[in-house]
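Structure first, then comments.
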Number of protein chains: 2
Amino acid sequence: MEIKVVRDILAANEMLARENRETFDKHGIFVVDLMSSPGAGKTSLLVRTLEQLTPRYPCAVVEGDITGDVDARRIAEVGVPSVQINTGGACHLDARMVKAALSSLSLDDIRVLFIENVGNLVCPANYRLGEDIRVTILSTPEGDDKLTKYPLAFRESDVLVINKTDLVEGIDFDIEQARQSALTVNAQLQIFQTSCRTGEGVDRWTDWLASQIESGRET
Amino acid sequence: MEIKVVRDILAANEMLARENRETFDKHGIFVVDLMSSPGAGKTSLLVRTLEQLTPRYPCAVVEGDITGDVDARRIAEVGVPSVQINTGGACHLDARMVKAALSSLSLDDIRVLFIENVGNLVCPANYRLGEDIRVTILSTPEGDDKLTKYPLAFRESDVLVINKTDLVEGIDFDIEQARQSALTVNAQLQIFQTSCRTGEGVDRWTDWLASQIESGRET
């Protein structure tokens, strides 16, 4: 019974994700879903990315959090429109929540929409939101074994960003090992290495992202 | 409908958690549930704790992972019996999984059982397993704002371990701020600070844990 219910929920989510996709296509919006464990650097990467992209593209952000609006306030400081979703306990965003949030945004004025998911390396991967690309961030202090211990998020993503590379000295994180593990889990992954603290590596990621926006939907 | 189903699942879990509790009481086993985000240091804290406790108490470990047995192998190296639960995708342990795992352990020979939950700061907090105490680990690279952004795990825990204190220099983590936030979320929290890398602070935590084991169930 439980399995049947879960399937129904996922099927209903897929339908709403397709509706979101149609909305995004109609308005010519490129959509990026950002996933990671709590504290891996989703908001930091987002702030760095917005600093580079906003001169070229009108951007907006949907912030997903269980409670509070700390992240939305950080985004507001960059001068980018944002909508806060509070899931009220739920461990992931779903397409219905995103659909509801879209009514608060001026869709005709947006070229790129970032959706920052709830910090959780497990559950969000099951719920498509209508995005063009999915990005999962792994921070070096989490350890390079997380790629094989929590494979679904990486398998369901287009991009892996290895963040906090400035902390890699003196901790047990082997970047080459991580890249190999990631490609074993998902051979199609685009992999970037960033330090959102120093800014190192952010250019390469935003250049690639801009190329994806220019070429339309990721295939 | 979805809410009703979730309530049924939680109610069924509570019932099984009580059955586990009865089993633990019957065998005089003190049970610790360890929760955290992926990579916060559950297994590292467990290894450090076992090194200190096993000379005094026969210990065993139930390892919860979505897939694989990396952590159980680390525990085996310490010479402590362990059982691996693979949730097969599920984002948390539940009482039924733990109940099934108990059949693989020699309960009469165990005084302290550690249950390492799936790495997830959100979902495990909803599922009691029959434990005496719940410990949530927050690692400094995750950021001190996680206490207020993901309050449930801290609210439902008896202990907060702030881990990776050796990394606190040069990152945005204010330990005093974290302690204040934690106590605002849950005034009853016992708070410890550890570096499982250097071993700093582990004694204070294990001394306290031993006192809890001696005094029986945490009240």
inquiry  = Along the Cα→Cβ direction, 7 angstrom out, place labels at A:K26 and B:Y57. What is the inter-label distance in nm?
reply    = 6.1
message = Going by amide H atoms built from the backbone, whose H comes under 5 Å of the H on A:V161, apart from near neighbours?
response = A:T136, A:I137, A:L138, A:F192
key: Calculated [θ] (222 nm, deg cm²/dmol) that DSSP helices of n ≥ 4 give over the protein assembly as shown, each run adding -39,500 (n - 2.57)   = -12000 deg cm²/dmol
key: Within-13-Å neighbourhood charge of A:A95 [Cβ basis; K, R +1; D, E -1]   = -1
key: Residue of A:T184, A:T198, A:T165 that the Gaussian network model of chain A assigns the largest fluctuation, springs spanning Cα pairs under 10 Å   = A:T198
message = Residues of region B:106-144 with backbone nitrogen within less than 17 Å of a virtual label 7 Å along the Cα-to-Cβ line of B:T184, please, listed as ranges.
response = B:143-144
task = Principal axes first, then extents: for the Cα atoms of region A:118-161, list largest minus smallest coordinate on each axis, whole Å, largest first.
result = 30, 18, 18
query = If you project the alpha carbons of region B:59-125 onto the principal axes, what extent comes out on each, in Å, largest first?
reply = 32, 23, 18
query = Picking from B:G68, B:G201, B:G89, which is most flexible by a Gaussian network model of chain B using Cα springs under 10 Å?
reply = B:G89
task = Kindly flag which residue pairs out of B:K4/B:K164; A:K26/B:K146; A:K99/B:K99; A:K42/B:K164 have an alpha-carbon separation exceeding 32 Å in this structure.
result = B:K4/B:K164; A:K26/B:K146; A:K99/B:K99
remark   = Once the mean of 1/r over all distinct C-alpha pairs in the protein assembly as shown is inverted, the Kirkwood radius in Å reads 22.4
inquiry  = Give me P(r) over region A:2-214, computed from all C-alpha to C-alpha distances, binned every 10 Å, as integer percentages.
reply    = 8, 36, 38, 16, 2
Net charge of neighbours whose Cβ lies under 10 Å from the Cβ of A:R197, counting Lys and Arg as +1 and Asp and Glu as -1 = -1
task = Would you mind checking which residues have amide H under 5 Å from B:L93's amide H? H placed 1.01 Å from N; only 5 or more apart, or other chain.
result = B:V118
query = Once both labels are modelled 7 Å past Cα along the beta-carbon direction, what's the A:S106-B:K4 spacing in nm?
reply = 4.5
task = Compute the signed sum of charges (Lys and Arg +1, Asp and Glu -1) over the other residues within less than 14 Å, Cβ to Cβ, of A:Q177.
result = -3
key: Within a Gaussian network of chain B (alpha carbon springs, distance under 10 Å), most fluctuating of B:V62, B:V78, B:V118   = B:V78
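Coordinate-derived values only; no laboratory data. Quick caveat: nothing in here was measured; it's all calculated off a predicted structure. Note that we place each Cβ from the backbone using ideal geometry, even for glycine, and neighbour counts take in every protein chain shown.
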